[in-house]
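Shown next, in structure tokens, is the structure this report addresses.
The values are calculated or read from the model by the stated rules, or taken from the named source; none is laboratory data. The shown structure was predicted, so the numbers you read here are calculated from the model rather than taken from an experiment. Reconstructed Cβ throughout: ideal geometry from the backbone, glycine too, with neighbour counts over all protein chains shown. Each accessible area value is taken on the protein alone, full model and side chains, heavy atoms only, with ligands, DNA and RNA left out. Shrake-Rupley method; radii C 1.70, N 1.55, O 1.52, S 1.80 Å.
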Amino acid sequence: MQEQILTIRQQILEAKSNSQKLLAVLLDPDKIVLENLNHLIDKINESPATHIFVGGSIVQNNILEELITTLKQKTILPVILFPGDPSQISPKADGILFLSLLSGRNPDYLIEYQVQAAPILKKTNLEVISTGYILIESGNETAVARVSKTKPLSRENLELVLATAQAGEMLGNQLIYLEAGSGAKESVPTEMIKLISQNVQIPVIVGGGIVDLQGIQKAYKAGADLVVIGTAFENNSRFFEL
């Protein structure tokens, strides 16, 4: 009998049920120097990463297709789009986080961009994974907050963050993404991760402000199912050393 190939979402769910922790490296095309890409891919292949996310709040260069093609050629990891808007959709990736910015009230990021993206996605074979995206206060204004013109939720108001995550789950989101933002001074509080992970059934992703292996381990211990790292990993050749 031919073995069934699991979807990306099914793989994440299976990992959660087996208490296997996942790790994604986020690559922002605007921050990638193509001449250094092979070295970066080598770093990813040598790391514990299980997924590659590609995208950014604003992508202004035109290397998205080339970046994804190279990643697909030189890694075996699933490449998942993490788009700031519909212009960042590429059929060359394996899947897309279909994000709704639940923490804000800007209709563009709650539903308008999703409406624009739907007919584009229907013409691709991308796996579409509905994701409730929640921006958490991190000590400075991040690109997500600036571009989306929304305020992050307070680090102190755990009940509001929980209610937002639960609303996302009830709306049918398949993942919840707690985001401190790129370049965040502070990562998502561990007590917040713990509260959310214990009170929703769907997998919880945590990203932003995680600058070392200890930060990853703290997020895992608090209940994160998948942790996202980016700039710090790219800049630090000893990221995974204790």
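Some points to look at:
- Karplus (6.51, -1.76, 1.60) ³J(HN,Hα), θ = phi - 60°, over region 222-239, in Hz, Gly and Pro reported as x: 6, x, 5, 8, 9, 10, 10, 10, x, 4, 4, 5, 5, 8, 10, 5, 10, 3
- Paramagnetic reach from K149 (point 7 Å along Cα→Cβ, amide N under 13 Å) across region 105-127: 105-110
- Counted charge near S17, where neighbours are those whose Cβ lies closer than 14 Å (Asp, Glu -1; Lys, Arg +1): +1
- Here the simple spin-label model places points 7 Å from the Cα toward Cβ, and for R238 and L171 these points are separated by 4.4 nm.
- Across region 1-79, the convex hull enclosing all Cα atoms gives 119 Å³ per residue.
- Residue among S154, S130, S187 with the largest mean-square fluctuation in a Gaussian network model of the chain, springs linking Cα atoms under 10 Å: S154
- Between D42, D108, D28, the Gaussian network model of the chain with springs among Cα atoms under 10 angstrom shows the greatest mean-square fluctuation at D42.
- Taken about its Cα centre, region 1-148 carries a charge dipole of about 280 debye when Lys and Arg each add +1 at the Cβ and Asp and Glu each add -1 at the Cβ.
- Solvent-accessible surface (1.4 angstrom probe) belonging to E141, in square angstrom, nearest 10: 130 Å²
- GNM top mover of I96, I120, I68 - the chain, alpha-carbon springs below 10 Å: I120
- Net length gained if the chain between E46 and K123 were fully extended (0.36 nm per residue, minus Cα distance): 24.3 nm
- Distance histogram in 10 Å bins (all Cα pairs of the chain, percent per bin): 7, 34, 40, 17, 1, 0
- Across the protein chains, with a 1.4 Å probe defining accessible surface, the residues R146, R155, R238, R105 rank R105, R238, R146, R155 from largest area downward.
- Taking every DSSP helix (H) stretch of at least 4 residues in the chain, weighting each as -39,500 (n - 2.57) and dividing the sum by the residue count yields a mean residue ellipticity at 222 nm of -10500 deg cm²/dmol.
- Sequence of K149, K218 from largest to smallest accessible area, 1.4 Å probe: K149, K218
- For the residue pairs K151/K185; K21/K218; K31/K74; K16/K123; K185/K221; K21/K151, the alpha carbons lie more than 23 Å apart in K16/K123; K21/K151.
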